[in-house]
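The values are calculated or read from the model by the stated rules, or taken from the named source; none is laboratory data. Worth saying up front: this structure is predicted, and the values here are computed from it rather than measured. Quick reminder, even Gly has a Cβ in these numbers, built from the backbone with ideal geometry, and neighbours come from all protein chains shown. What goes into the accessible areas is simple: the full protein's heavy atoms, side chains included, and nothing from ligands, DNA or RNA. Shrake-Rupley method; radii C 1.70, N 1.55, O 1.52, S 1.80 Å.
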Amino acid sequence: DTGVSQNPRHKITKRGQNVTFRCDPISEHNRLYWYRQTLGQGPEFLTYFQNEAQLEKSRLLSDRFSAERPKGSFSTLEIQRTEQGDSAMYLCASSWRDEKLFFGSGTQLSVL
Amino acid sequence: AQSVTQPDIHITVSEGASLELRCNYSYGATPYLFWYVQSPGQGLQLLLKYFSGDTLVQGIKGFEAEFKRSQSSFNLRKPSVHWSDAAEYFCAVGGLTGGGNKLTFGTGTQLKVEL
(Lines give C-alpha, C1' and ligand atoms only; values in the text may rest on other atoms or scores of the structure.)
Protein backbone atom coordinates (compact mmCIF):
# COMPACT_ATOMS: atom_id res chain seq x y z
CA ASP A 1 0.00 0.00 0.00
CA THR A 2 1.87 3.03 -1.28
CA GLY A 3 -0.95 5.47 -0.61
CA VAL A 4 -2.63 7.92 -2.95
CA SER A 5 -0.14 9.65 -5.21
CA GLN A 6 -0.71 13.00 -6.92
CA ASN A 7 1.41 14.70 -9.53
CA PRO A 8 2.64 17.30 -9.86
CA ARG A 9 2.91 18.60 -6.28
CA HIS A 10 2.94 22.18 -7.52
CA LYS A 11 1.86 23.79 -10.77
CA ILE A 12 2.26 27.42 -11.76
CA THR A 13 0.53 28.52 -14.91
CA LYS A 14 -0.57 31.65 -16.70
CA ARG A 15 -4.19 32.58 -16.99
CA GLY A 16 -5.76 31.02 -20.05
CA GLN A 17 -3.49 27.99 -20.16
CA ASN A 18 -4.68 24.41 -19.76
CA VAL A 19 -3.41 22.22 -16.94
CA THR A 20 -3.76 18.54 -16.16
CA PHE A 21 -3.26 16.78 -12.84
CA ARG A 22 -2.85 13.09 -12.25
CA CYS A 23 -3.96 10.92 -9.34
CA ASP A 24 -2.93 7.33 -8.71
CA PRO A 25 -5.23 5.80 -6.10
CA ILE A 26 -4.53 2.86 -3.87
CA SER A 27 -4.59 -0.03 -6.30
CA GLU A 28 -7.52 -2.04 -4.97
CA HIS A 29 -9.78 0.97 -4.39
CA ASN A 30 -12.79 1.21 -6.68
CA ARG A 31 -13.85 4.75 -5.75
CA LEU A 32 -11.90 7.89 -6.51
CA TYR A 33 -12.80 11.40 -5.44
CA TRP A 34 -11.57 14.87 -6.37
CA TYR A 35 -11.83 17.73 -3.91
CA ARG A 36 -10.64 21.34 -4.06
CA GLN A 37 -9.35 23.31 -1.08
CA THR A 38 -8.75 27.04 -0.98
CA LEU A 39 -6.88 28.90 1.72
CA GLY A 40 -8.77 29.01 4.99
CA GLN A 41 -11.46 26.65 3.80
CA GLY A 42 -12.20 22.99 4.08
CA PRO A 43 -12.08 20.75 1.03
CA GLU A 44 -15.02 20.96 -1.38
CA PHE A 45 -16.29 17.96 -3.30
CA LEU A 46 -15.83 18.16 -7.06
CA THR A 47 -16.55 14.74 -8.52
CA TYR A 48 -16.23 11.02 -7.95
CA PHE A 49 -15.79 7.80 -9.88
CA GLN A 50 -16.76 4.26 -9.20
CA ASN A 51 -14.34 2.25 -11.29
CA GLU A 52 -14.28 4.07 -14.65
CA ALA A 53 -17.74 5.62 -14.35
CA GLN A 54 -18.05 9.24 -13.26
CA LEU A 55 -21.11 9.08 -11.04
CA GLU A 56 -21.46 12.61 -9.74
CA LYS A 57 -20.21 16.11 -10.45
CA SER A 58 -20.56 19.12 -8.24
CA ARG A 59 -22.10 22.32 -9.55
CA LEU A 60 -18.72 23.83 -8.63
CA LEU A 61 -17.26 21.97 -11.59
CA SER A 62 -17.68 24.32 -14.53
CA ASP A 63 -17.50 23.23 -18.16
CA ARG A 64 -13.80 24.11 -18.14
CA PHE A 65 -13.15 21.19 -15.78
CA SER A 66 -13.09 17.60 -16.95
CA ALA A 67 -12.08 14.45 -15.16
CA GLU A 68 -11.46 10.96 -16.42
CA ARG A 69 -10.60 7.61 -14.97
CA PRO A 70 -9.81 5.31 -17.89
CA LYS A 71 -9.84 1.61 -17.04
CA GLY A 72 -10.77 2.44 -13.46
CA SER A 73 -7.19 3.02 -12.41
CA PHE A 74 -5.52 6.44 -12.34
CA SER A 75 -7.49 9.62 -12.87
CA THR A 76 -6.77 12.95 -14.51
CA LEU A 77 -8.33 16.32 -13.83
CA GLU A 78 -7.99 18.89 -16.60
CA ILE A 79 -8.74 22.57 -16.32
CA GLN A 80 -9.03 24.46 -19.58
CA ARG A 81 -8.53 28.20 -19.95
CA THR A 82 -7.45 28.60 -16.33
CA GLU A 83 -8.60 31.61 -14.33
CA GLN A 84 -7.09 33.13 -11.21
CA GLY A 85 -10.05 31.82 -9.23
CA ASP A 86 -8.93 28.29 -10.04
CA SER A 87 -5.90 28.71 -7.78
CA ALA A 88 -6.31 26.12 -5.05
CA MET A 89 -5.09 22.80 -3.72
CA TYR A 90 -6.63 19.93 -5.69
CA LEU A 91 -6.98 16.82 -3.57
CA CYS A 92 -7.54 13.29 -4.73
CA ALA A 93 -8.82 10.53 -2.47
CA SER A 94 -9.74 6.90 -2.89
CA SER A 95 -11.66 4.24 -1.02
CA TRP A 96 -12.94 0.71 -1.33
CA ARG A 97 -16.71 1.20 -1.45
CA ASP A 98 -17.78 3.21 1.65
CA GLU A 99 -14.72 2.28 3.61
CA LYS A 100 -12.08 4.67 4.89
CA LEU A 101 -11.15 7.49 2.52
CA PHE A 102 -7.44 7.98 1.89
CA PHE A 103 -6.27 11.38 0.66
CA GLY A 104 -3.23 12.27 -1.38
CA SER A 105 -1.03 15.25 -0.54
CA GLY A 106 -2.60 17.32 -3.28
CA THR A 107 -1.54 19.43 -6.24
CA GLN A 108 -1.17 23.12 -5.47
CA LEU A 109 -2.23 25.20 -8.49
CA SER A 110 -1.25 28.84 -8.83
CA VAL A 111 -2.71 30.78 -11.75
CA LEU A 112 -0.85 34.03 -12.49
CA ALA B 1 -28.42 21.30 1.97
CA GLN B 2 -25.93 19.80 4.32
CA SER B 3 -23.44 22.02 6.12
CA VAL B 4 -20.84 21.92 8.85
CA THR B 5 -19.89 24.70 11.25
CA GLN B 6 -16.66 24.79 13.18
CA PRO B 7 -17.01 27.92 15.28
CA ASP B 8 -13.39 28.09 16.44
CA ILE B 9 -10.90 29.12 13.76
CA HIS B 10 -7.90 28.94 16.08
CA ILE B 11 -7.40 27.22 19.44
CA THR B 12 -4.29 27.25 21.61
CA VAL B 13 -3.79 24.77 24.43
CA SER B 14 -0.88 23.84 26.64
CA GLU B 15 0.72 20.46 26.23
CA GLY B 16 -0.93 18.01 28.61
CA ALA B 17 -4.16 19.98 28.79
CA SER B 18 -7.47 18.62 27.60
CA LEU B 19 -8.92 19.58 24.23
CA GLU B 20 -12.40 19.94 22.80
CA LEU B 21 -13.03 21.05 19.22
CA ARG B 22 -16.58 21.95 18.36
CA CYS B 23 -18.55 20.86 15.33
CA ASN B 24 -22.18 21.44 14.45
CA TYR B 25 -23.81 19.98 11.39
CA SER B 26 -26.96 20.34 9.36
CA TYR B 27 -28.20 17.28 7.51
CA GLY B 28 -31.65 16.11 6.55
CA ALA B 29 -31.24 12.48 7.43
CA THR B 30 -29.01 10.39 9.65
CA PRO B 31 -25.55 11.71 8.96
CA TYR B 32 -22.23 10.05 8.62
CA LEU B 33 -19.82 12.20 10.64
CA PHE B 34 -16.06 12.40 10.40
CA TRP B 35 -13.06 14.15 11.89
CA TYR B 36 -9.93 14.58 9.78
CA VAL B 37 -6.55 16.06 10.65
CA GLN B 38 -4.30 17.88 8.19
CA SER B 39 -0.65 18.65 8.88
CA PRO B 40 1.42 20.93 6.62
CA GLY B 41 2.44 19.08 3.48
CA GLN B 42 0.46 16.03 4.49
CA GLY B 43 -2.76 14.60 3.18
CA LEU B 44 -5.89 14.60 5.26
CA GLN B 45 -5.95 11.72 7.71
CA LEU B 46 -9.11 10.22 9.17
CA LEU B 47 -9.20 10.38 12.97
CA LEU B 48 -12.59 8.80 13.52
CA LYS B 49 -16.06 8.40 12.05
CA TYR B 50 -19.62 7.86 13.22
CA PHE B 51 -22.15 5.94 11.16
CA SER B 52 -24.52 4.50 13.75
CA GLY B 53 -24.62 2.79 17.12
CA ASP B 54 -22.66 3.96 20.14
CA THR B 55 -22.63 7.74 20.13
CA LEU B 56 -19.16 7.91 21.70
CA VAL B 57 -16.62 7.04 19.04
CA GLN B 58 -12.98 6.23 19.66
CA GLY B 59 -10.39 7.14 17.09
CA ILE B 60 -6.69 7.07 16.49
CA LYS B 61 -4.08 9.02 18.45
CA GLY B 62 -6.23 9.03 21.60
CA PHE B 63 -9.05 11.13 20.13
CA GLU B 64 -12.74 10.55 20.73
CA ALA B 65 -15.93 12.27 19.60
CA GLU B 66 -19.50 12.23 20.81
CA PHE B 67 -22.53 12.42 18.54
CA LYS B 68 -25.39 14.39 20.07
CA ARG B 69 -28.39 14.35 17.78
CA SER B 70 -30.39 16.78 19.93
CA GLN B 71 -27.64 19.38 19.60
CA SER B 72 -26.59 18.47 16.04
CA SER B 73 -23.06 18.29 17.34
CA PHE B 74 -20.06 16.02 16.95
CA ASN B 75 -17.33 17.48 19.16
CA LEU B 76 -13.82 16.08 19.17
CA ARG B 77 -12.01 15.56 22.46
CA LYS B 78 -8.65 14.47 23.76
CA PRO B 79 -7.84 14.24 27.47
CA SER B 80 -4.17 15.20 27.17
CA VAL B 81 -2.75 17.01 24.15
CA HIS B 82 0.74 16.30 22.82
CA TRP B 83 2.87 18.83 20.93
CA SER B 84 2.58 16.61 17.84
CA ASP B 85 -1.19 17.21 17.78
CA ALA B 86 -0.64 20.71 16.43
CA ALA B 87 -2.40 20.69 13.05
CA GLU B 88 -5.65 21.70 11.38
CA TYR B 89 -8.74 19.68 12.21
CA PHE B 90 -11.74 19.32 9.94
CA CYS B 91 -15.18 18.03 10.78
CA ALA B 92 -17.16 16.59 7.87
CA VAL B 93 -20.60 15.20 7.17
CA GLY B 94 -21.60 12.68 4.53
CA GLY B 95 -24.49 10.45 3.70
CA LEU B 96 -25.83 7.81 1.44
CA THR B 97 -25.20 9.79 -1.75
CA GLY B 98 -21.83 10.00 -3.39
CA GLY B 99 -20.83 6.58 -2.20
CA GLY B 100 -20.73 7.67 1.40
CA ASN B 101 -17.48 9.54 0.97
CA LYS B 102 -18.93 12.58 -0.73
CA LEU B 103 -18.21 14.85 2.21
CA THR B 104 -19.06 18.39 3.21
CA PHE B 105 -16.27 19.82 5.32
CA GLY B 106 -16.23 22.61 7.85
CA THR B 107 -13.74 25.44 7.55
CA GLY B 108 -11.39 23.84 10.02
CA THR B 109 -9.88 24.62 13.42
CA GLN B 110 -6.18 25.35 13.64
CA LEU B 111 -4.74 23.87 16.83
CA LYS B 112 -1.60 25.31 18.36
CA VAL B 113 0.06 23.53 21.27
CA GLU B 114 2.18 25.50 23.71
CA LEU B 115 5.04 23.67 25.34
Item checked: Distance from the range B:61-98 to the range A:25-91 (C-alpha centre basis), Å -> 25 Å
Check: Where the Cα atoms of chain A are projected onto their three principal axes, how long is each span, largest first, in whole Å?
Finding: 37, 24, 22
Next item on the list: With a 1.4 Å probe on protein heavy atoms only, tell me which residues of the range A:55-87 lose at least 30 Å² of accessible surface in the complex relative to the chain by itself.
Entry: A:Glu56
Next item on the list: Go through the range A:89-100 residue by residue and turn each phi into a ³J(HN,Hα) via Karplus (6.51, -1.76, 1.60, θ = phi - 60°); whole Hz please, and just put x for glycine and proline.
Entry: 9, 9, 10, 10, 8, 9, 8, 9, 6, 8, 6, 3
Item checked: Using a Förster distance of 25 Å, the FRET efficiency for A:Ser66-A:Ser110 (Cβ separation, nearest 0.05) -> 0.75
Margin query: Can you sort A:Thr38, A:Thr107 by solvent-accessible area, 1.4 Å probe, largest first?
Written below: A:Thr38, A:Thr107
Item checked: Pairs of lysines in the protein assembly as shown (C-alpha under 16 Å apart; 8 or more residues apart or interchain) -> 9
Note to self: Explain nothing, just the number: dipole magnitude of the protein assembly as shown about its Cα centre with +1 on each Lys and Arg Cβ and -1 on each Asp and Glu Cβ, in debye rounded to the nearest 20.
What the structure shows: 480 debye
Notebook entry, point to check: Taking only C-alpha pairs under 8 Å that are 6+ residues apart, what is the relative contact order of chain A in percent?
Noted result: 37 percent
Item checked: Share of alpha-carbon pairs per 10 Å distance bin for the protein assembly as shown, given as whole % -> 8, 33, 35, 20, 5, 0
Notebook entry, point to check: Between B:Ser84 and B:Ala29, how many nm apart are label points set 7 Å from Cα along the C-beta direction?
Noted result: 3.9 nm
Notebook entry, point to check: What's the carbon and sulfur percent of the protein assembly as shown's accessible surface, probe 1.4 angstrom, rounded to a whole number?
Noted result: 46 percent
Next item on the list: May I have the convex hull volume per residue, in Å³, for the Cα set of chain B?
Entry: 100 Å³
Note to self: Leaving out ligands and nucleic acids, and using a 1.4 Å probe, what accessible area per residue does the range B:49-115 come to in Å²?
What the structure shows: 46 Å²
Checklist line | Förster radius 35 Å - calculated FRET efficiency between A:Thr20 and B:Arg69, Cβ distance, rounded to 0.05 | finding: 0.20
Next item on the list: In debye, nearest 20, what is the charge dipole magnitude of the range B:1-80 about its Cα centre with +1 on Lys and Arg Cβ and -1 on Asp and Glu Cβ, if you could check?
Entry: 120 debye
Check: If you take the accessible area of A alone, add that of B alone, and subtract the area of the pair, what total do you get in Å², probe 1.4 Å, to the nearest 100?
Finding: 1600 Å²
Item checked: Relative contact order [Cα under 8 Å, 6+ residues apart], the range B:16-115, whole percent -> 32 percent
